[in-house]
Amino acid sequence: MEQETDYILREVKRLTTFVLNLISTISTLNRDDIESGIKETDDFIRKEWNLSFKEITTLTKIKFISRLKGLPEVHLEHLAELLSEITKKITTPELKKKYNKKEIATKGLLLIDSINEKSEVYSIKRMEIKNALLQSII
């Protein structure tokens, strides 16, 4: 049992590290590399969480939240942060159309609200992410 717990903990840490690296990469992308960075991120979430940006934008709110039910809270927070960083980088009309910036931001807000409902801890960082996502919708 202990070995199984260690494995799960290592996997959570591995995914956390990778997602944090993706967030860092996305936030530092220059204008020429945005599309390839978003595609790399899309490939990662498709592989690890069986979810793509296309699905994120087309799933209903209930289905979106249910698809993420098994993820640890830390991954949900990082996913919301990742969605926020991506919406900041989607600036051209072509990217807005291809990735549906408003819907990605809306799902990020939904995710933040869901985390806030379940969490016993108030997070300033979550509120900053929520504000950034709200700015992306406007």
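The values are calculated or read from the model by the stated rules, or taken from the named source; none is laboratory data. All values derive from a computational prediction rather than experimental measurement. Cβ coordinates were reconstructed from backbone atoms using ideal geometry, including for glycine residues, and neighbour counts include every protein chain displayed.
Checking the stretch 43-64 against the condition returns a match, with at least one residue being under 25 Å from Asp32 (Cα atoms), under 11 Å from the mean Cα position of the chain (by Cα), modelled with pLDDT under 95 and among the small types (Gly, Ala, Ser). Only one of the listed residues (Glu120, Glu94) is under 20 Å from Glu35 (Cα atoms) and loosely packed, with under 15 Cβ neighbours inside 10 Å. That residue is Glu94. Within the stretch 18-30, the residues that satisfy the criterion of being out of contact with any helix residue (DSSP H, G or I) (no Cβ under 6 Å at 6 or more places or on another chain) and either under 13 Å from Thr87 (Cα atoms) or touching a residue at least 24 places away in the same chain (Cβ under 8 Å) (or both) are Phe18, Leu20.
Pairing each residue of the stretch 1-13 that is closer than 20 Å to Glu77 by Cβ with any residue that is at pLDDT 80 or above, provided the two are 6+ apart or on different chains, yields C-beta distances under 7 Å for Val12/Pro72.
Quick grid of which residues meet (1) within 24 Å of Glu11 (Cα to Cα); (2) not in a helix (DSSP H, G or I):
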| position | (1), (2) |
| --- | --- |
| Phe44 | yes, no |
| Leu71 | yes, yes |
| Val74 | yes, no |
| Glu77 | yes, no |
| Glu81 | yes, no |
| Thr87 | no, no |
| Lys107 | no, no |
| Glu120 | no, yes |
| Ile129 | no, no |
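Kindly indicate whether Lys89 is closer than 11 Å to Ile137 by Cα, crowded, with 19+ Cβ neighbours inside 10 Å and out of contact with any His (no Cβ under 7 Å at 6 or more places or on another chain). Criteria not met by Lys89.
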